[in-house]
Amino acid sequence: MSRYIQFAVIRFKSKTAYRFDYFLGILNTLLSFVVYYSIYKALYSGQSYIDGVSFSMVTTSFLISLGLGSAFHKNEMFLQDKIKQGTIANELLKPVNFKLRMLFEDAGEGAFNVVFNFLPTAVIAALFAHLSTPSGALDLILCIASVMLGYIVLWQISFIVQSLSFWLFSVWGLVTIKNVLINIFAGAYIPMWFMPERIRSILHFTPFDSIYFMPVQLYLGQLNEMQVALGFAKQLVWIAVLYVIGEVCWRCGIKRLVVQGG
C-alpha cells in the first residue's frame, strides 16, 4: 500500500510546481461561492427560512459541496489517453495495480485542491458569510467518513465511464453528461431540500444522494441513528455494485485490447 501512497504524494508535489494555477484555483473557487451566495441571498430576500431551510444551511451546503468538488478530483481522460497513445500495454506490465494507481493519483491531486484551493476560500467565506457549524464532534467524524465513501462511489462511476474508452473513440461527451447529471442529482448545484419529493424519492434508490447530500446532512445533524446506518449501508452497497460493474468493463476491455494487439 505504501507504493500507492507514494503515487498520491508525487501527484500532490507535482501540483505545487504550478504557482499560477494555484492562485487561479483559489479565484475560481471563491468566485463560485460568491456567485452562488449572491443568487440565494437574492432569492431569500431577507427571509431567514424558505420551506424550513435556513439561508445559512444553504450557504453551508454549497461551501461543503465546493470542498467535496475540490477533493473529488478525477483525471477522467487518463485511461483514454493511455489507450490512444498506445502506452496502456506498458502500464499493465508494471508491478502495480493500474486501478489503484489511478485512484491514489487522483486522491493526491484532490488533496492538493482542498489544501491550496478550497481552504483559503473556506476561511474567507467564514469571515463574511453566516455559516452553520457542525452539530457535534460525532457528526463531523461521520461526515468525514461519509465523504471518503462518497468519493469511492463517485470514482467508481468515473472509472466505469472511462472503461468505455476500449470501445469508443472518445468518452469526453459521456464524461461531460455524467458530471452534469451527478452535480444536479447529487445536490451539488441545487440542494436536495428544494427538489420535489417525488424526485427525491427516486434519487434515494440511486448512488447520487450519497455522494454530496449525505455528508451535508451529517454535518448539519439532520439524520437520526437509523438513517445514518442506512445511509452508510447504502454507500457500501453501491461501492460493491459499482466495483463489480467496473471490473466487468475493465476485464472485457483488456481482452478486447489483447485481441486488437494480437
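The values are calculated or read from the model by the stated rules, or taken from the named source; none is laboratory data. Keep in mind the model is a prediction, meaning the values are calculated, not measured. FYI the Cβ positions are ideal-geometry reconstructions off the backbone, even for glycines, and counts take in every protein chain you see. Protein only, heavy atoms only, side chains kept; ligands, DNA and RNA dropped before computing areas. Shrake-Rupley method; radii C 1.70, N 1.55, O 1.52, S 1.80 Å.
In angstrom, the C-alpha Rg and Dmax of the chain are 19.6, 68.
In this Cβ point-charge picture (+1 for Lys and Arg, -1 for Asp and Glu), segment 2-256 has a dipole of about 820 debye about its Cα centre.
Label separation (Trp167 vs Tyr18): 3.2 nm, computed from points 7 Å beyond Cα along the C-beta direction.
In the neighborhood of Tyr243, defined by Cβ-to-Cβ distances under 13 Å, what is the net charge if each Lys or Arg adds +1 and each Asp or Glu adds -1? Provide the component values of the computation, followed by the final result.
Values: positive: Lys99, Arg251; negative: Glu247.
Net local charge, Tyr243 excluded: +1.
An ellipsoid equivalent to segment 17-135, defined through the eigenvalues of its Cα gyration tensor, has semi-axes of 38, 15, 13 Å when rounded to whole angstrom and sorted largest first.
Taking the Kirkwood radius as the inverse of the mean 1/r across Cα pairs, report the Rg/Rh of segment 91-173. Don't skip to the answer; put the middle values down first.
Details: Rg = 17.7 Å, Rh = 16.0 Å.
Looking at segment 91-173, the ratio lands at 1.10.
Which FRET efficiency value, to the nearest 0.05, is calculated for Val53 and Leu100 with the Förster distance at 41 angstrom and r the Cβ-Cβ distance? It comes to 0.55. For segment 2-256, the solvent-accessible area with a 1.4 angstrom probe is 52 square angstrom per residue. Between Ala233 and Ile254, the modelled labels are 3.4 nm apart [label points 7 Å from Cα along Cα→Cβ]. Only residues of segment 17-46 count here: report those whose backbone N is under 11 Å from the spot 7 Å along Cα→Cβ of Ile124, or say none. Counting only backbone N, you get 23-35.
What shape does segment 21-63 take by its C-alpha gyration tensor, where a ≥ b ≥ c are the square roots of the eigenvalues and a/c under 1.5 counts as rounded, a/b above b/c as prolate, and the rest as oblate? Prolate shape, in that a/c is at least 1.5 and a/b is the bigger ratio. Averaging the Cα positions of each part gives two centres, and for segment 164-211 and segment 1-79 these lie 17 Å apart. Here the Karplus relation 6.51 cos²θ - 1.76 cosθ + 1.60, evaluated at θ = phi - 60°, turns the backbone of segment 189-202 into coupling constants of 8, 10, x, 5, 4, 8, 7, x, 4, 5, 5, 4, 5, 6 Hz, with x for every Gly and Pro.
Using only DSSP helix segments of four residues or longer, with each worth -39500 (n - 2.57), what per-residue ellipticity at 222 nm results for the chain after dividing by its residue count and rounding to 500? Could the numbers behind the result be given before it?
On the way: 12 runs with 190 residues, N = 262.
Rounded to the nearest 500, it is -24000 deg cm²/dmol.
Within a straight-line Cα-Cα reach of under 13 Å, Lys74 can be paired with the following aspartates and glutamates, leaving aside sequence neighbours fewer than 8 residues apart in one chain: Glu105, Asp106, Glu109.
How big, on average over all directions, is the shadow cast by the Cα convex hull of segment 46-199, in nm²?
Numbers: hull surface 47.8 nm².
Seen from a random direction, the Cα hull of segment 46-199 projects 11.9 nm² on average.
What a 1.4 Å probe finds exposed on segment 2-256 is 69% carbon and sulfur by accessible area, rounded to a whole percent.
With each label modelled as a point 7 angstrom along the Cα→C-beta vector, the Lys84-Leu131 pair spans 3.7 nm.
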